[in-house]
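Input: a single structure, listed below in structure tokens.
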Amino acid sequence: MKVHIAGHRGMVGGAILRQLEAWRARGDELDLVTRTRAELDLTDQAAVRAFMQAERPDAVILAAARVGGIHANDTYPADFIYDNLMMEANVIHQAFEAGVTRLLFLGSSCIYPKAVPQPMAEEALLTGPLEPTNEPYAIAKIAGIKLCESYNRQHGTDYRSVMPTNLYGPGDNFHPQNSHVLPALIRRFHEAARDGRGEVTIWGTGTPRREFLHVDDMAAASLFVLDLPRDRYEASTDPMLSHINVGCGEDISILELAELVARVTGFGGRIATDPSKPDGTMRKLMDVSKLKGLGWTPTIPLERGVEETYRWFLENEERVRL
């Protein structure tokens, strides 16, 4: 089978590629096709068409996306909606034009309304207003789900969608302003411990709760869903509500997360909060009963995963400092 992984240099795409390479090493007959952004700009329709027509993969995993934390989403809303819409539309349509019948689209938990009941079930999609700080990104991800569903309904394709909770792990973005909360905290506490500072201030009140899933668990879940027999996948979903949540089913407050990161990085000072900065959605916990019912559960506990991620950060600090 020829599989194209779009976004293989990103955190999630890289984890999926590593797992597929491990499958191939065990004897699976897999032809893994990748392109860097310099080699293939997914926002360029003509370039994506030429690539798909030339390669004609059997399956496509669409893990490519423009991603970032609250600050990045709030600062670059046009970039986030445009780039993600273009990537999704180009890859999904040109995959169809090239005869690809199997595709997996990776979305985000931010697709759900701001005031959605917790935990967030798949059925909550489009039931209320979105969180303003990342609405453009969320709209693009919802569009990706609906693209997959629409091609399935009109053309009989087997295009599936998985919605991950907050992800972290090797290959994450540790930029001091544009990263997600967990890698941002790892870098901030690491530097504070290294420099002997007595206090670290975190954004917001520290009370919002978030769920975190290690990227290797996300990769395993993605391949599990892609590999499900079609009749089993369709029996567990609806043609117009076909996405599946992926998470661990447990959450933690941002302040508790900061305390965990402080322990892991060896920071012994005071943790302060800055209520003048936005909290974002107060709670985002995924209802993962559907995926659990299909037979998949995560294997990496949060503290162990943070320890592994911190080790990766230390080993790659010079490369991720920018």
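It is to be established whether one or more residues within the range 261-268 are more than 30 Å from ALA193 (Cα to Cα) and part of a loop (DSSP other than H, G, I, E, B). No, the range 261-268 contains no residue that is more than 30 Å from ALA193 (Cα to Cα) and part of a loop (DSSP other than H, G, I, E, B).
Checked against the criterion of being over 19 Å from the mean Cα position of the chain (by Cα) and modelled with pLDDT under 95, the candidates ARG230, ARG319 yield just one match: ARG319.
Can you say whether PHE212 is buried (at least 20 other Cβ atoms within 10 Å of the Cβ), out of contact with any strand residue (DSSP E or B) (no Cβ under 9 Å at 6 or more places or on another chain) and in contact (Cβ under 8 Å) with a residue 60 or more places away in the chain, as far as the supplied structure shows?
no
Every condition in (1) under 22 Å from the mean Cα position of the chain (by Cα); (2) surrounded by 14 or more Cβ atoms within 10 Å (Cβ to Cβ) is met by GLY295 except one, and the failing one is (2). Take the conditions assigned to a helix (DSSP H, G or I) and farther than 21 Å from GLY69 by Cβ and apply them to ARG319. Does it pass? No, not satisfied. Going by the conditions given, is ARG270 at pLDDT 95 or above, of a type outside the set (Gly, Ala, Ser), more than 28 Å from HIS71 (Cβ to Cβ) and over 22 Å from the mean Cα position of the chain (by Cα)? Spelling it out, it is not the case that ARG270 is at pLDDT 95 or above, of a type outside the set (Gly, Ala, Ser), more than 28 Å from HIS71 (Cβ to Cβ) and over 22 Å from the mean Cα position of the chain (by Cα). Taken over the range 41-58, the criterion of being buried (at least 19 other Cβ atoms within 10 Å of the Cβ) and of a type outside the set (Val, Ile, Thr) is satisfied by LEU42, PHE51, MET52, PRO57.
Which residues, counting only those in the range 48-67, are over 22 Å from THR157 (Cβ atoms) and part of a helix (DSSP H, G or I)? So that I can check it myself, show each step before the final result.
Pass one, the range 48-67, residues over 22 Å from THR157 (Cβ atoms): 66-67.
Answer for the range 48-67, where residues must be over 22 Å from THR157 (Cβ atoms) and part of a helix (DSSP H, G or I): there is none.
Cβ separations smaller than 6 Å between residues 6+ apart or across chains give the following pairs from the range 235-252 residues that are farther than 17 Å from VAL215 by Cβ to residues that are acidic (Asp, Glu) and in a loop (DSSP other than H, G, I, E, B): ASP251/GLU211. Looking only at residues of the range 94-117 that are of a type outside the set (Phe, Trp, Tyr), part of a loop (DSSP other than H, G, I, E, B) and touching a residue at least 40 places away in the same chain (Cβ under 8 Å), we find that the one that is surrounded by the most Cβ atoms within 10 Å (Cβ to Cβ) is GLY107. Here the condition is being loosely packed, with under 15 Cβ neighbours inside 10 Å and in contact (Cβ under 8 Å) with a residue 12 or more places away in the chain; of ARG9, ARG37, ARG26, ARG18, it holds for ARG37 alone. Evaluation of VAL91 against the conditions (1) without any contact (Cβ under 8 Å) to a residue 60 or more places away in the chain; (2) over 26 Å from PRO183 (Cα atoms); (3) aliphatic (A, V, I, L, M); (4) not in a strand (DSSP E or B) shows that the sole unmet condition is (1).
The values are calculated or read from the model by the stated rules, or taken from the named source; none is laboratory data. Keep in mind it's a predicted model, so treat the numbers as computed, not measured. Cβ sites come from the backbone with ideal geometry, for glycine too, and all protein chains shown count toward neighbours.
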